[in-house]
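The values are calculated or read from the model by the stated rules, or taken from the named source; none is laboratory data. Only a predicted model underlies this, so the values are computations on that prediction, with no experimental measurement involved. With ideal geometry, Cβ positions are generated from the backbone for all residues, glycine too; neighbour counts draw on all protein chains shown. Ligands, DNA and RNA are stripped out before the accessible areas are found, and what is left, the full protein with its side chains, is counted by its heavy atoms. Shrake-Rupley method; radii C 1.70, N 1.55, O 1.52, S 1.80 Å.
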Amino acid sequence: MIKLVEEKNKKNFDDKALHPLQSWAWGNLRKSDRVKVIRFGDYKKKELVNGYQITLHNLPRLPWKAGYCPKSSIPSQEMFEEIKKVAKREKAIFIKFEPNVRSGLEFGKKMGLVKGRALFTKFTFWLDLTKSEKDLLSGMKAKTRYNVRLAEKKGVRVIEDSSNEGFEDYWKLMEETTNRQAFYAHNREYHLKMWQEMKKAGQAHLFKAMYKGKVLSAWIVFILNGVLYYTYCASSRDNRELMANNLLAWEVIKFGKKKDCKIFDMWGSLGENPDTKDPWFGFHKFKAGYGGELVEFVGSWDLVINPVLYWLYRVGESIRWMILRWKT
């Protein structure tokens with residue numbers, strides 16, 4: 001039986017979530033940005049088996065919407081049909097699905113979906129946290145292991161500081177990081193709301209790497225259903241030779257083990273044989289140093305609700321990306 005999930009059932013909904021982007025708290029964050037959130041539940045004998053959180057986004061200067069369902073399980077055909085009904089009522093022209101399911105499982109065309117443009121990376125690294133600390137260290141690349149030891153030797157220390165002051169330290173570094181590396185990031189209001197919502201749900205933790213009283217790096221990580229997630233990272237340009245981020249990552253890994261997490265999901269990476277000129281190659285190389293398994297997901301697929309409008313949208317989207325690439 002398919003029905004909408006009420007707030008009184010949010011704990012059950014979170015218990016079935018495969019990723020923080022499917023958590024109730026993340027949905028509340030999106031609501032605070034005036035995004036409509038619809039949560040579908042697949043019930044068997046009155047018990048919630050799977051949940052699907054879909055956000056509906058207004059298309060600029062148009063009366064229609066686009067839907068997004070990131071990091072869920074794969075819906076049944078019955079679920080797809082129910083989602084279609086609601087999507088039509090909400091004037092959505094398509095719903096994009098990016099399941100948190102590894103490639104190899106048949107999906108997409110078999111379910112009548114169209115291959116779409118990816119919003120979330122198709123790859124990530126999964127590090128097995130059931131291994132001992134000794135095995136995790138030996139599984140690192142030699143340079144990464146050396147950097148961890150170097151930071152320890154030089155006196156860098158890592159603390160958890162999930163306080164308001166901790167957030168302010170994080171945000172100062174985030175502003176510095178985005179200005180230095182010239183990449184897009186949400187504003188302070190968004191980060192603060194994200195932090196407050198996820199922390200209130202017990203999913204967010206903030207760590208800082210310190211040296212002589214100065215914050216060199218700060219991470220926000222999530223924990224949900226036995227999985228630790230690397231989400232947001234900011235760092236200072238000062239004392240980069242101390243390799244504070246490497247030690248911070250190692251301390252976060254040990255924290256995840258203490259919390260009985262089984263996997264450390266590094267929240268995205270490039271694929272196999274990455275282009276060294278890719279602007280994200282540095283992040284990919286950093287994450288790869290910890291010895292995790294490169295995991296590929298089933299990818300991005302669109303459930304088309306209004307075919308005519310959908311293909312007009314795709315044409316406009318392609319033109320927009322061509323212009324953006326030309327400008328950069």
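Quick one: pull the percent of accessible area on the stretch 1-95 belonging to carbon and sulfur, 1.4 Å probe, ligands and nucleic acids left out.
49 percent
Share of the stretch 132-178's accessible area from carbon and sulfur, percent, 1.4 Å?
It is 48 percent, rounded to a whole number.
Using a simple spin-label model with points 7 Å from Cα along the Cα→Cβ vector, what separation in nm is obtained for ASP278 and GLU78?
Here the answer is 3.9 nm between the modelled labels.
Greater than 18 Å separation of Cα atoms is the criterion. Which listed pairs, LYS36/LYS199; LYS134/LYS258; LYS71/LYS91; LYS143/LYS285; LYS131/LYS254; LYS11/LYS85, meet it?
LYS36/LYS199; LYS71/LYS91; LYS11/LYS85
Per q in 0.11 1/Å, what log10 I(q)/I(0) does a Debye calculation on the alpha-carbon atoms of the chain return?
Once normalised to I(0) and log-transformed, intensities are -0.78.
Let a ≥ b ≥ c be the square roots of the eigenvalues of the Cα gyration tensor of the stretch 209-328; is it rounded (a/c under 1.5), or, if not, prolate (a/b larger than b/c) or oblate?
It is prolate, given that a/c is not under 1.5 and a/b is the larger ratio.
Of the listed peptides 228-237, 276-285, what is their order by residue-averaged count of other C-beta atoms within 10 Å, with the highest listed first?
228-237, 276-285
Could you tell me whether the stretch 99-175 comes out rounded, prolate or oblate from its Cα gyration tensor? Rule is a ≥ b ≥ c as square roots of the eigenvalues, rounded for a/c under 1.5, then prolate if a/b exceeds b/c, otherwise oblate.
The shape class here is oblate.
How large, in percent, is the carbon and sulfur part of the accessible surface of the stretch 222-280 at a probe radius of 1.4 Å?
Of all accessible area on the stretch 222-280, carbon and sulfur atoms account for 46 percent.
Whole angstrom only: what separates the Cα centroid of the stretch 225-257 from the Cα centroid of the stretch 143-204?
8 Å
On average, how much accessible surface per residue is there in the stretch 77-223, in Å², for a 1.4 Å probe, leaving out ligands, DNA and RNA?
Averaged over the residues of the stretch 77-223, the accessible area is 53 Å².
Any idea what the dipole of the chain comes to, in debye rounded to 20, about its Cα centre with Lys/Arg Cβ at +1 and Asp/Glu Cβ at -1?
400 debye
In the chain, what percentage of the DSSP-assigned beta bridges are antiparallel, given to the nearest 5?
Bridges in the chain that DSSP calls antiparallel: roughly 85 percent.
Got a sec? Charge dipole of the stretch 208-328, +1 on Cβ for Lys and Arg, -1 for Asp and Glu; which of SER318, GLY213, LEU294 is way out at the positive end?
About the Cα centre, the residue reaching furthest to the positive side is GLY213.
222 nm [θ] for the chain, helices only, -39500 (n - 2.57) per DSSP H run of 4+, per residue, to 500?
Mean residue ellipticity at 222 nm (helix-derived): -12000 deg cm²/dmol.
Looking at the square roots a ≥ b ≥ c of the eigenvalues of the Cα gyration tensor of the stretch 174-255, which shape do they give, rounded for a/c under 1.5, prolate if a/b is larger than b/c, or oblate?
oblate
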